[in-house]
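Take a look at the structure below.
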Amino acid sequence: MISLKLTDTKSFMNQLLCSEIFDHFLMPEASITKDASFTIDGHIHPSYYSEEALEAEGLLGYTVLPYARLRPVCYQLIRGKYTPVQFRFVLMLSPENTANVLKGSGSSYTIRDISGMFLNIAFRNGQLTMTTGISYTIFSADQTLNREWDLLLQRFLNKHAISYEKL
């Protein structure tokens, strides 16, 4: 797990809310506090889609909506004349991307050992931070996957010219 301070807030927010850079992540939850507090539960409501609709929408096998679907909602909630008091976005890798990371990590974990690989983005007290995390279904002292996830995130940020400092 690493914590990073994002140093160019305006540029990052533009990338987060107005570009497709983070669209391949899933968004299990978000909270935004402005003049009121808003909470988003990104878990797919089972009675909303038929199985055919899930397949047609590319969501078959997913329990959480892609960030691409929720990004416009987040943008509408955050935009405006005033800066939000705070917000927190929880993003996670899709099952396919989690499997790809596992394959390339050299760790002994399997897809069944991982509940999720997360990226937490938070804005509080004028500071924008990003923290990585992995939720495991088993106990292990092996930190190989944690280190790989941290390195992958830093490469992702560098590739997209997102400036940061380690905390």
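A few notes on this one:
- As computed over the range 10-167, the Cα convex hull volume per residue (Å³): 138
- Cα shape, the range 8-52, gyration tensor, a/c 1.5 rule: oblate
- Modelled spin-label separation between R124 and R112, with each label point placed 7 Å from Cα along the Cα-to-Cβ direction: 3.7 nm.
- Under a Gaussian network description of the chain, with springs only between Cα atoms under 10 Å, the residue in L151, L102, L128 that fluctuates furthest is L151.
- For the chain, modelled as a GNM whose springs connect Cα atoms under 10 angstrom apart, the maximal fluctuation among F38, F118, F89 occurs at F38.
- Selection among V64, I134, N100 by position relative to the dipole of the chain gives I134 as farthest towards the positive end (Cβ unit charges, Cα centre).
- Approximate spin-label separation N158-Q86, in nm, with each point projected 7 Å along Cα-to-Cβ: 3.2
- Listed from fewest to most Cβ neighbours within 10 Å, the set I134, I111 follows the order I111, I134.
We did not get these values from a lab; they are worked out from the coordinates using the rules stated. Since this is a predicted model, take the numbers as computed values, not measurements. No Cβ is skipped: glycine too gets one built from the backbone with ideal geometry, and neighbour counts run over all protein chains shown.
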